[in-house]
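Before any comments, here is the structure.
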Amino acid sequence: MTTPAPSTEDGTETPEEAEEREYQRMLPLLRGQHRARRQVEQEAALEAEWSTLHAEAEPDADPSTTGYPMMTLDKLRARPKPKWKIAGLISESSVCVIGGPTNIGKTFVGVDLTAHIALGLPWEGRDVVQGRVGYLIAEGSEYFPDRVAAWEQYNGRTVPRHDYLVYDGEDFNLSDPADVQRMCVTVVRKAIDVLVIDTLSQLGGLLNENDNVQMATAVKAAVRIRRARPGCTVIIMHHANAGGLLRGAKALWADVDTVLMLVPSKPRKDEATEPNSTFVMSTEFSRGGKQRNAATATIPGWHLEDVGPSKVAVRLAMTHDPYQAHILAVLADGEEHKRADFAEGWDDPSGAWSDERYETAMKKLIGAGAVVRTGKGNGTKYRKAEQS
């Protein structure tokens with residue numbers, strides 16, 4: 001703005017004109033001070049929010065004068081227990097690991113679980129609490145949109161864009177305190193309910209996976225992230241070793257709340273079955289899993305199905321065949337049965353008993369992890385696999 005020329009006869013400024021000229025000169029400085037003050041206020045508000053969220057989670061900076069915030073049992077009992085994100089499987093306010101061999105389909109399972117959470121849809125008969133998902137991708141990020149699109153095509157649903165956020169997380173390091181702090185702020189600002197770290201080997205920043213101290217530190221970092229927002233859950237994808245257990249230091253299995261293992265079904269040697277074509281999901285200890293806050297479960301019959309440009313984790317329908325349905329009905333008593341037991345109770349409108357169809361149905365159920373075979377030869381017996 002141009003300052004007007006002096007209006008007095010002798011060419012001097014009037015007091016009003018001098019005041020206006022000084023105001024115009026100071027205006028940019030005043031605007032800059034206003035912007036700086038607003039920025040300071042915003043940062044102070046964020047810091048206050050951060051302090052409120054961590055009032056109970058973190059001790060005072062000077063414990064020598066304040067001590068630890070001990071409480072009575074009554075106060076502890078009054079605290080609400082965490083709810084389930086997926087009933088009996090994944091809890092809120094927890095750290096969960098999904099583990100399995102390379103190429104078994106961990107990310108596809110991750111997409112299936114988190115898509116159900118983002119939509120609030122029941123998952124395999126289990127209630128689901130709707131929540132916003134944040135997915136950190138380090139392996140195959142360029143193909144991740146195809147995987148979500150395949151899931152949408154197969155399930156006939158559209159994942160809500162504002163409740164399913166992704167980040168190409170190659171620069172995130174779970175072992176770097178600065179990165180962890182930044183992710184805590186992200187979880188709060190973006191209101192993330194479930195954060196997926198895919199995978200630990202790419203985003204964990206561990207120099208030695210077999211070092212218990214390094215692994216425990218990484219888990220503590222995940223705990224810190226989930227504490228940043230009340231109810232937040234962190235899911236970590238990790239590889240399995242040759243023995244079918246989580247790879248690396250035992251501190252990972254010991255320190256997290258849930259371990260959901262993807263275990264390949266083991267077909268008979270005479271079956272031409274593609275490796276890892278079917279698998280079970282399990283939190284049972286015997287399969288390398290863990291469930292701290294509920295009964296363990298095994299969910300059999302999963303495989304990867306080609307859909308469009310990608311694949312989808314799909315659970316096999318194991319009761320569409322009358323022989324499969326009959327076998328499962330006989331085994332429903334929880335006892336072991338010999339082959340003859342299945343033929344004795346056969347009464348189906350599809351026709352007379354067929355040994356060939358029985359063999360085919362039994363092989364599929366065993367391959368899907370729904371039935372367990374024990375013994376050999378005439379001593380061979382079958383029982384229903386433990387599952388949810």
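The values are calculated or read from the model by the stated rules, or taken from the named source; none is laboratory data. Worth saying up front: this structure is predicted, and the values here are computed from it rather than measured. Virtual Cβ from ideal backbone geometry, glycine too; neighbours counted across all protein chains shown. Side chains are part of the model used for accessible areas, which takes the heavy atoms of the whole protein and leaves out ligands, DNA and RNA. Shrake-Rupley method; radii C 1.70, N 1.55, O 1.52, S 1.80 Å.
Residue pairs whose Cβ atoms lie under 7 Å apart, sitting 6 or more positions apart in sequence or on different chains, and linking a residue in the stretch 66-93 that is closer than 28 Å to Leu121 by Cα to a partner that is open to solvent by 100 Å² or more (accessible area, probe 1.4 Å) and in a loop (DSSP other than H, G, I, E, B), are Ala87/Asp127; Glu92/Lys83.
Of all residues in the stretch 128-166, those being touching a Phe, Trp or Tyr at 6+ places or on another chain (Cβ under 7 Å) and open to solvent by 80 Å² or more (accessible area, probe 1.4 Å) number 1.
In the stretch 201-216 there is at least one residue that is closer than 18 Å to Asn103 by Cα, open to solvent by 60 Å² or more (accessible area, probe 1.4 Å) and in contact (Cβ under 8 Å) with a residue 12 or more places away in the chain.
Asp255 fulfils the conditions (1) touching a helix residue (DSSP H, G or I) at 6+ places or on another chain (Cβ under 6 Å); (2) charged (D, E, K, R); (3) modelled with pLDDT under 95 except for a single criterion, (3).
Evaluate the following for Ala294: is it modelled with pLDDT under 85, of a type in the set (A, V, I, L, M, F, W, C) and surrounded by fewer than 18 Cβ atoms within 10 Å (Cβ to Cβ)?
In short, no.
State yes or no: is Ser286 surrounded by 14 or more Cβ atoms within 10 Å (Cβ to Cβ) and among the hydroxyl-bearing types (Ser, Thr, Tyr)? Write out each step before concluding.
Numbers: surrounded by 14 or more Cβ atoms within 10 Å (Cβ to Cβ): no; among the hydroxyl-bearing types (Ser, Thr, Tyr): yes.
Answer is no for this residue.
Does the stretch 360-377 hold any residues that are surrounded by 12 or more Cβ atoms within 10 Å (Cβ to Cβ) and free of Cβ contacts under 8 Å to residues at least 40 places away in the same chain, and which are they?
Passing the criteria: Thr360, Met362, Val372, Arg373.
The test for being crowded, with 20+ Cβ neighbours inside 10 Å and either within 27 Å of Leu113 (Cα to Cα) or free of Cβ contacts under 8 Å to residues at least 24 places away in the same chain (or both) does not hold for Val330. Checking each residue in the stretch 37-71 for being modelled with pLDDT of 75 or more and open to solvent by less than 80 Å² (accessible area, probe 1.4 Å) picks out Gly67, Met71. Before we move on, is His303 in a strand (DSSP E or B), open to solvent by less than 60 Å² (accessible area, probe 1.4 Å) and in contact with a Gly (Cβ under 9 Å, 6 or more places away or on another chain)? Criteria met by His303. Picking from residues in the stretch 116-125 that are surrounded by fewer than 23 Cβ atoms within 10 Å (Cβ to Cβ) and more than 10 Å from Lys85 (Cβ to Cβ), the one that is modelled with the lowest pLDDT is Gly125.
The residue of the stretch 72-89 that is surrounded by the fewest Cβ atoms within 10 Å (Cβ to Cβ), among those that are touching an Asp or Glu at 6+ places or on another chain (Cβ under 9 Å) and outside any loop (DSSP other than H, G, I, E, B), is Trp84. Restricting the search to the stretch 315-340, which residues are modelled with pLDDT of 90 or more and touching a helix residue (DSSP H, G or I) at 6+ places or on another chain (Cβ under 7 Å)? Scanning the stretch 315-340 gives a single hit, His337.
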